[in-house]
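The values are calculated or read from the model by the stated rules, or taken from the named source; none is laboratory data. Since this is a predicted model, take the numbers as computed values, not measurements. Because the Cβ atoms are built from the backbone with ideal geometry, glycine has one as well, and the counts that use them run over all protein chains shown.
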Amino acid sequence: MISIESLNQINGLETLQLRAGKQGERNAIRWPYIAESTAIEEWTKGGELIFVTGLNWNWSTADFICLIQKAQQQCASGIVLLTQSPYLESIPNEVLTFANEQGFPLIEQPYSLPMVNVTERLSNAIIMDDLNNKSNRWFLQHLADTPHLSEIDLLKAKELGIAPCQSLSVAFINLNNIGNEGLIKVQYLLRQFMANEGVEFPVCEFHQGWLAVMPMTQSCSEKIEKIWNSLYQILSKQGFDCSIGISDAHDIKGMYNTVSQAKQSADFARANHKKQVVHYNTLGISQLFTHINSSHILESFCHQYLGDMFNKNDAQTITLKATLQCYFDNLCSIRKTATALNIHRNTLSKRLDAIEQISGSNLDNAQQRLSIQIAQLAERFIR
């Protein structure tokens, strides 16, 4: 990965100097962009290294600070300022201080180093790095799509630095209503997130979502879940409507099943509007629903025990379903349910009677009560 800290290791770019914002030195560089003014919103999608030559604009200290703020909002990787030029002799101290406060990388480029050389060498390095990582992304997709790995697959894993017996945490990221420009930004955010966590596994597109893998040990399983939750917060903060499902693989041989479980968890989270990361192990009985290939089976079961409440979302049905859910959550206690719903016990009893009439189920019968509870879970899943 080409990052801020590796920028001056590219042949010919040794004179580039990081002057401020060292906290962001691991920022990945997706592509160079030359800014002629502070109006960069329309042209930046995330991961750009922004170059400022000083041409065609009389840059002030306030302009530089404004550019840093906008670059952060656009998830740019850093800013390069050309100095020792007729347009800018040196970087103002106020700008350096602000960049340090924001933790945003500010790089100095001597005017004597031709801009065309810098952008050409940087672009070539990015392209070569992407080509080198393509095989890693392909192999991760292969692991996720292959039920039974061969000995050659295990050897390939070792070549790529993946220990065959390494335990892995797998995340499947579902993104809703996202366009091409959003995809570019998401790809950068995911890649940057993994880099910040010190994970070398690539992130790849997979079955209309994104697949990310992180090594783990038993002692850090709770920490791993917090890490995936922080990814959810980052994506949400950037305005992306997403759901993340995760699962664990004891080794790479279990990747196929684990990826399937992570995807099912993400689908479940989206169907149930859960604004959090959902681990496959927390699905409980809903795990069974994920293995039923025919939705007609679930629909038939739901209709049998929910009756005309199934697949309806009018105000009355929503109230009855919410009441039923609260009734189950409170272990079928009339008193606790009425208190939780802030209604009179007589009102609750009338609602439960209505539920029995519509569903045809008897809530006093343990077997039928369990069936209607499962049907309500299944309805949310298939929806």
Margin query: Looking only at the range 141-153, count every residue that is over 27 Å from the mean Cα position of the chain (by Cα) and either assigned by TED's automatic domain parsing to the domain that holds residue 243 or loosely packed, with under 10 Cβ neighbours inside 10 Å (or both) and tell me the total.
Written below: 4
Check: Is it true that some residue in the range 121-132 is part of a strand (DSSP E or B) and hydrophobic (A, V, I, L, M, F, W, C)?
Finding: no
Notebook entry, point to check: Can you find even one residue in the range 304-313 that is touching a His at 6+ places or on another chain (Cβ under 6 Å) and surrounded by 13 or more Cβ atoms within 10 Å (Cβ to Cβ)?
Noted result: yes
Next item on the list: Filter the range 73-125 down to the residues that are touching a residue at least 24 places away in the same chain (Cβ under 8 Å) and among the charged types (D, E, K, R), then identify the one that is surrounded by the fewest Cβ atoms within 10 Å (Cβ to Cβ).
Entry: 94
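Among what's in the range 190-217 and is hydrophobic (A, V, I, L, M, F, W, C) and out of contact with any Phe, Trp or Tyr (no Cβ under 8 Å at 6 or more places or on another chain), pick the residue that is nearest to residue 168 (Cα to Cα).
Restricting attention to the range 190-217, the residues satisfying the condition of being hydrophobic (A, V, I, L, M, F, W, C) are 190, 193-195, 199, 201, 203-204, 206, 210-214, 216.
From what is left, the residues that are out of contact with any Phe, Trp or Tyr (no Cβ under 8 Å at 6 or more places or on another chain) are 193, 195, 199, 201, 216.
Details: 193: 17, 195: 17, 199: 12, 201: 11, 216: 5 Å.
It comes out as 216.
Where in the range 280-383 are there helices (runs of 4 or more DSSP H), lying fully within it, with 1 or more residues that are under 30 Å from residue 222 (Cβ atoms), touching a Phe, Trp or Tyr at 6+ places or on another chain (Cβ under 7 Å) and among the hydroxyl-bearing types (Ser, Thr, Tyr)? Walk me through it before giving the result.
Numbers: elements: 286-290, 295-306, 315-329, 334-341, 345-359, 366-382.
Correct list: 286-290.
Okay, residues lined up against (1) farther than 26 Å from residue 10 by Cα; (2) touching a helix residue (DSSP H, G or I) at 6+ places or on another chain (Cβ under 6 Å):
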site	(1), (2)
167	yes, no
187	no, no
200	no, no
203	no, yes
Notebook entry, point to check: Quick one: which of 134, 156 is surrounded by 13 or more Cβ atoms within 10 Å (Cβ to Cβ), over 17 Å from the mean Cα position of the chain (by Cα) and either outside the structural domain of residue 15 (by TED's automatic domain parsing) or free of Cβ contacts under 8 Å to residues at least 12 places away in the same chain (or both)?
Noted result: 156
Next item on the list: Would you point out which residue out of 71, 28, 62, 39 is out of contact with any helix residue (DSSP H, G or I) (no Cβ under 7 Å at 6 or more places or on another chain), within 18 Å of residue 187 (Cα to Cα) and among the aliphatic types (A, V, I, L, M)?
Entry: 71
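Tally time: how many residues in the range 205-218 are in a strand (DSSP E or B) and closer than 16 Å to residue 260 by Cβ? Walk me through how you get there before you give the answer.
Filtering the range 205-218 down to residues in a strand (DSSP E or B) leaves 205-206, 209-215.
Now drop any that are not closer than 16 Å to residue 260 by Cβ, which leaves 206, 209-213.
Total satisfying the criteria: 6.
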